[in-house]
Amino acid sequence: MEQAQKRGLARLMLRWPDRRAALREKYGQDIRLAELCEAYEAAWEAAAYWAKSPSVVGRERAEEYNALASATEQDILERIS
Amino acid sequence: MDGKVLTEGEEPSPGEVLSALEALVASGSFRISERNRRFLSFVVNQTIGGRSDRIKAYSIGVDVFGRDDSFDPTVDPIVRIEATRLRSALNAYYDGAGSGDRIRITIPRGSYVPTFGWAAGLPGRDGRDCLLEGMVAEIVDGTLAAVVIHDHSDQADPEVALRGELFTDALLPLLRKARFKTLVVPSVERSAATGSINALFAHPGETYSLDIAVRPLAERRRYSWRFSDLRNGEVLASDFRDFVAKATPCFELIDDLAETAAQSISAVIASH
């Protein structure tokens, strides 16, 4: 669980280099932010899973999770701003 | 913070919860997607309808997110992700625009079943802080032991304040499980609850204080607790541990210390 939070945080730091300091600082203070990082990582992992899935709904699911990752990014931006 | 909600004692009625839900989802300050509004409404309605056992990732996936009966939450974690976003939105709302809301709807981590409680320090149904008033009455009757947790960590230091809050959060469920009425001395801005707790202090019933603190000591953080009988000031148990400070608080170590503290307190009370 904590590993998924850290992976999500690392992914966000790569995504927003100019917000690394804010992310690092708030991550240690805000349990909800840590949970959102985990959710963000889960959304990307699910998007990757469904993008490779032979299921008829694979593409639709991958798009849904990409959109969910973007929405979670917005939640995180609000949380650290 | 949603963790400051007290859920002991009388809960809001189903009608009051539904009114609170309506006001919440109608609020422009509560920023969630339409399907997360349906998610919240679904779990609240199932719970007040006595069907909380139906609240599982599978049923939410099918009934709220339109998945078919082949839905597998392990590869399709939509419910888990949206629940996290919903908890964050609830937390942000009650910390901001909804800080004056009397009824708090929370979805504890690890579950999708919501809990309903009165906001600590705000007037209850009849204008009083009913939880605390009720506790005072029970303690005066001598039928229950109450523990008042007072976090002495430096609130001006966000890092130790966070750790103190985590320590309090870890202690609360353990003390409640040990059947103590548990109260937390609120922050200074919540003076209504402070008044009620002071009333508790003034009564000679079976009331104990649990003073905790997290203090910085160079690269370490000292977590300490002290359990006292408020009737005579006697310190019945105390302990501390020093943990090396890391960027992320050491949740397992805090939980472990809280468990040890709760066990020690239960043992002291049993032999007292």
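The values are calculated or read from the model by the stated rules, or taken from the named source; none is laboratory data. Everything quoted here is computed from the prediction, not taken from an experiment. All Cβ positions, glycine included, derive from the backbone under ideal geometry; neighbour counts span all protein chains shown. Heavy atoms of the whole protein, side chains included, go into the accessibility calculation; ligands, DNA and RNA do not. Shrake-Rupley method; radii C 1.70, N 1.55, O 1.52, S 1.80 Å.
Before moving on, here are some points about what is shown:
- Region A:2-80: relative contact order in percent, alpha carbon pairs under 8 Å with at least 6 residues between: 32 percent
- Annotation for the A:B interface, with buried accessible surface near 2300 Å², both sides summed [1.4 Å probe; non-protein components not counted].
- Working from label points 7 Å from Cα in the Cα-to-Cβ sense, the B:Leu253 to A:Ala10 distance is 2.2 nm.
- For B:Val184, residues with placed amide H under 5 Å, excluding near neighbours: B:Ile149
- Dimensions of region B:2-118 based on its C-alpha atoms, expressed as ranges along the principal axes with the largest first, amount to 42, 28, 22 Å.
- With all protein chains modelled, accessible area of B:Ser264 [1.4 Å, Å²]: 40 Å²
- Other-chain or far-sequence residues with amide H under 5 Å of B:Arg67's (modelled H): B:Val62
- Computed about the Cα centre, the dipole magnitude for region A:2-80 is approximately 280 debye when only Lys and Arg (+1) and Asp and Glu (-1) carry charge, each at its Cβ.
- Since only B:Thr115, B:Thr74, B:Phe39 are under comparison, the one whose Cα sits farthest along the positive direction of the charge dipole of region B:2-118, derived from C-beta charges on Lys, Arg, Asp and Glu, is B:Thr74.
- Every helix of 4 or more DSSP H residues in chain A counts as -39500 (n - 2.57), and over all residues that averages to -27500 deg cm²/dmol at 222 nm.
- Accessible-area composition of region A:2-80, carbon plus sulfur, in percent [1.4 Å probe]: 52 percent
- Accessible heavy-atom area order of A:Glu41, A:Glu25, highest first, probe of 1.4 Å: A:Glu25, A:Glu41
- The angle separating the long axis of helix A:2-15 from the principal Cα axis of greatest extent in chain A is about 90 degrees.
- Taking all protein chains together and a 1.4 Å probe, the residues B:Arg179, B:Arg80 rank B:Arg179, B:Arg80 from largest to smallest accessible area.
- Distance between the pseudo-spin-label points of B:Glu34 and B:Arg102 (7 Å out from Cα toward the beta carbon): 3.3 nm.
- Under Karplus coefficients 6.51, -1.76 and 1.60, residue-wise ³J(HN,Hα) of region A:35-43 in Hz, glycine/proline x: 5, 5, 4, 5, 5, 4, 4, 4, 5
- Surface share of carbon and sulfur [accessible, 1.4 angstrom probe, percent] for region B:2-118: 49 percent
- For chain A, fraction of C-alpha pairs farther apart than 20 Å, in %: 31 percent
- Only protein heavy atoms count here; on that basis, with a 1.4 Å probe, A:Leu77 has an accessible area of about 40 Å².
- Close amide H partners of B:Tyr208, meaning residues 5 or more places away or on another chain with modelled amide H under 5 Å apart, are B:Ala146, B:Val147, B:Val148, B:Leu230.
- Cα centroid of region B:58-124 to Cα centroid of region A:1-20, whole Å: 24 Å
- Extension gain from B:Thr115 to B:His150, taking 0.36 nm per residue of separation minus the Cα-Cα distance: 10.2 nm
- Rounded to the nearest 10 Å², the accessible area of A:Trp44 at probe 1.4 Å: 80 Å²
- In order through region A:50-56: 3J(HN,Hα) via Karplus (6.51 cos²θ - 1.76 cosθ + 1.60), integer Hz, x for Gly, Pro: 6, 5, 9, 6, x, 4, 5
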